[in-house]
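Below is one structure, written out as structure tokens; comments come after it.
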Amino acid sequence: MRWTSKESRMRSEGQKGSGEGPCRPVFVFSGQGSQWTGMGRALLERSTVFALVLKACDVQVRRLMGWSLLEALTAEDARLGDIEVSCPAIVSMEIALAALWRSWGIEPAAVVGHSIGEVAAAHVAGVLSLEDAMRVICHQGRTVGKLKGKGAMAVVGLPWARVGEALPEFAGQVWRVIHASPEWTVVAAEPEVLDRVLAALRRRGVPARRVDSEVAAHCPQVDPYREELHGLLRDICPRSERLPIVSTVTGGTLAGPRFDAGYWVRNLAEPVLFREAVDTLLDVGHEAFLEVSPHPLVKHSLESCLEGSGVEGRLFVSMRRGKEPAQEMLSTLRSLSRPPEPERQAEASLSVDGEPLLANVA
């Protein structure tokens with residue numbers, strides 16, 4: 001396949017760099033909700049690196065869950081609405097996307113993960129082996145699957161500190177579960193309670209919308225399963241981090257050995273302090289963020305955090321739902337890369353049956 005005129009311009013513009021080297025963004029791994037049917041199909045066909053990583057994940061998912069990850073990422077009838085399937089599928093996609101970015105010369109300066117995205121972040125930081133990462137996410141998926149139908153979540157236009165005072169009549173019935181940004185908070189409750197919460201907020205002119213989810217994690221509904229999940233994960237062996245990893249459980253930088261079984265129970269059961277984690281990264285000077293996920297979920301939250309901190313940062317995405325991933329990623333790569341080498345590596349690694357997806361023009 002020969003270069004189109006647009007692709008030729010991309011290559012030419014990429015070669016006009018300043019020689020300063022590619023940008024080293026923070027890799028941001030998002031959580032539940034980024035999945036879409038067939039999300040792994042195109043890159044599995046075109047990228048050897050991506051395919052090798054997903055095949056290694058597939059071995060672990062088959063062993064732990066008894067179904068094919070590769071089928072879940074490619075089949076039209078995949079059960080991605082089933083949270084026991086979507087959790088391993090999302091994390092595996094993120095781990096493979098990170099490997100592909102790194103094969104192109106885009107190295108993370110630090111990593112952060114939103115909810116289940118922390119599992120991918122911990123693997124990319126060198127804290128969890130692939131086997132341990134897949135063990136964590138498979139058992140988390142099974143655990144949260146037991147909550148199906150018991151809870152629901154909504155994003156509301158209220159700062160974290162104001163949620164309680166805005167909803168006094170629902171004290172003890174609604175929980176703050178994600179501190180998304182200075183202006184937005186995700187709350188959870190039993191489905192019928194959440195319906196009343198949303199109606200009350202709308203009457204007061206507060207923007208609010210339900211999140212497409214059959215479960216509510218990061219709240220007291222997980223508490224009955226804490227001990228069981230800890231027992232399933234007690235044998236994982238976290239290692240020292242190879243690059244900085246910021247926790248969205250604590251909101252600060254955390255040493256690798258702290259990501260033990262107890263930590264992953266907290267990751268599922270306690271609120272996601274995404275705003276605090278981003279502030280930690282901004283405080284040490286990080287201003288470029290690459291969302292590593294099948295579809296951007298936290299870009300709006302990142303924009304809000306940057307604006308709230310008065311930082312003019314740079315935000316990039318990896319894939320978008322239903323879009324051709326090779327072209328999307330090469331476009332992002334052009335923005336991230338100053339010298340031409342990473343883009344040439346990308347052209348070589350996106351191939352079909354050994355033939356380059358984008359062939360050089362003579």
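The values are calculated or read from the model by the stated rules, or taken from the named source; none is laboratory data. Note that the coordinates shown come from a computational prediction; the quantities given were computed from them, not determined experimentally. In this analysis, Cβ positions are derived from the backbone assuming ideal geometry, glycine residues included, and neighbour counts consider all displayed protein chains. Just the protein is used for accessible areas: all its heavy atoms, side chains included, with ligands, DNA and RNA removed. Shrake-Rupley method; radii C 1.70, N 1.55, O 1.52, S 1.80 Å.
Just a few scattered comments:
- The one condition from (1) under 30 Å from Trp175 (Cα atoms); (2) at pLDDT below 95 that Thr280 does not meet is (2).
- Selected residue [at pLDDT 95 or above and within 23 Å of Gly172 (Cβ to Cβ)] from Val215, Val211, Val187, Val246: Val187
- Contact map, segment 315-327: residues that are within 22 Å of Val26 (Cα to Cα) paired with residues that are of a type in the set (Val, Ile, Thr) and outside any helix (DSSP H, G or I), Cβ distance under 6 Å, separation 6+ or inter-chain. Pairs shown: Ser318/Val292.
- Lone unmet requirement of (1) out of contact with any Leu (no Cβ under 9 Å at 6 or more places or on another chain); (2) surrounded by 22 or more Cβ atoms within 10 Å (Cβ to Cβ) for Gly149: (2)
- Here is the figure for segment 94-106: residues that are open to solvent by 10 Å² or more (accessible area, probe 1.4 Å) and under 18 Å from His295 (Cα atoms) total 1.
- Looking only at segment 180-203, residues that are surrounded by 15 or more Cβ atoms within 10 Å (Cβ to Cβ) and either without any contact (Cβ under 8 Å) to a residue 12 or more places away in the chain or more than 23 Å from Gly149 (Cα to Cα) (or both) come to 5 in all.
- Condition broken by Arg162, with the remaining ones in (1) surrounded by fewer than 15 Cβ atoms within 10 Å (Cβ to Cβ); (2) touching a strand residue (DSSP E or B) at 6+ places or on another chain (Cβ under 8 Å) satisfied: (2)
- Filtered by the rule that a residue be farther than 22 Å from Thr37 by Cβ and open to solvent by 60 Å² or more (accessible area, probe 1.4 Å), segment 297-334 gives His300, Glu303, Glu307, Gly310, Glu312, Arg314, Arg334.
- In segment 198-207, of all residues being outside any loop (DSSP other than H, G, I, E, B) and small (Gly, Ala, Ser), the one that is farthest from Leu158 (Cα to Cα) corresponds to Ala199.
- Residue satisfying condition, being of a type in the set (Ser, Thr, Tyr), touching a helix residue (DSSP H, G or I) at 6+ places or on another chain (Cβ under 8 Å) and modelled with pLDDT of 95 or more, within set Ser86, Ser34: Ser86
- Residue-level check: of (1) of a type in the set (A, V, I, L, M); (2) surrounded by fewer than 19 Cβ atoms within 10 Å (Cβ to Cβ); (3) modelled with pLDDT of 95 or more, Leu290 misses just (2).
Residue-wise test of (1) on the phi > 0 side of the Ramachandran plot; (2) of a type in the set (A, V, I, L, M, F, W, C); (3) out of contact with any Phe, Trp or Tyr (no Cβ under 6 Å at 6 or more places or on another chain); (4) surrounded by fewer than 19 Cβ atoms within 10 Å (Cβ to Cβ).
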residue: Met39; (1), (2), (3), (4): no, yes, yes, no
residue: Ala42; (1), (2), (3), (4): no, yes, yes, no
residue: Lys55; (1), (2), (3), (4): no, no, yes, yes
residue: Gln60; (1), (2), (3), (4): no, no, yes, no
residue: Leu64; (1), (2), (3), (4): no, yes, yes, yes
residue: Arg79; (1), (2), (3), (4): no, no, yes, yes
residue: Asp82; (1), (2), (3), (4): no, no, yes, yes
residue: Ala89; (1), (2), (3), (4): no, yes, yes, no
residue: Ser92; (1), (2), (3), (4): no, no, yes, no
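- Strands (runs of 3 or more DSSP E) fully within segment 114-197 that include at least 3 residues being in contact with a Phe, Trp or Tyr (Cβ under 8 Å, 6 or more places away or on another chain): 174-179, 185-189.
- Those residues of segment 291-331 which are within 23 Å of Val186 (Cβ to Cβ), among the aliphatic types (A, V, I, L, M) and out of contact with any helix residue (DSSP H, G or I) (no Cβ under 6 Å at 6 or more places or on another chain), in sequence order: Leu297, Val298, Leu302, Leu306, Val317
- Residues located in segment 204-220, provided they are among the hydrophobic types (A, V, I, L, M, F, W, C) and open to solvent by 30 Å² or more (accessible area, probe 1.4 Å): Val211
- Only a single item in (1) farther than 21 Å from His123 by Cβ; (2) modelled with pLDDT of 85 or more is not met by Val298, and it is number (1).
- For segment 120-137, a residue qualifies if it is open to solvent by 10 Å² or more (accessible area, probe 1.4 Å) and not aliphatic (A, V, I, L, M), and the qualifying residues are His123, Ser129, Glu131, Asp132, Arg135.
- Residue in segment 263-281 that is over 15 Å from Val119 (Cα atoms), crowded, with 18+ Cβ neighbours inside 10 Å, without any contact (Cβ under 8 Å) to a residue 40 or more places away in the chain and among the aliphatic types (A, V, I, L, M) present: no
- Some residue of segment 83-102 being charged (D, E, K, R) and outside any helix (DSSP H, G or I): no
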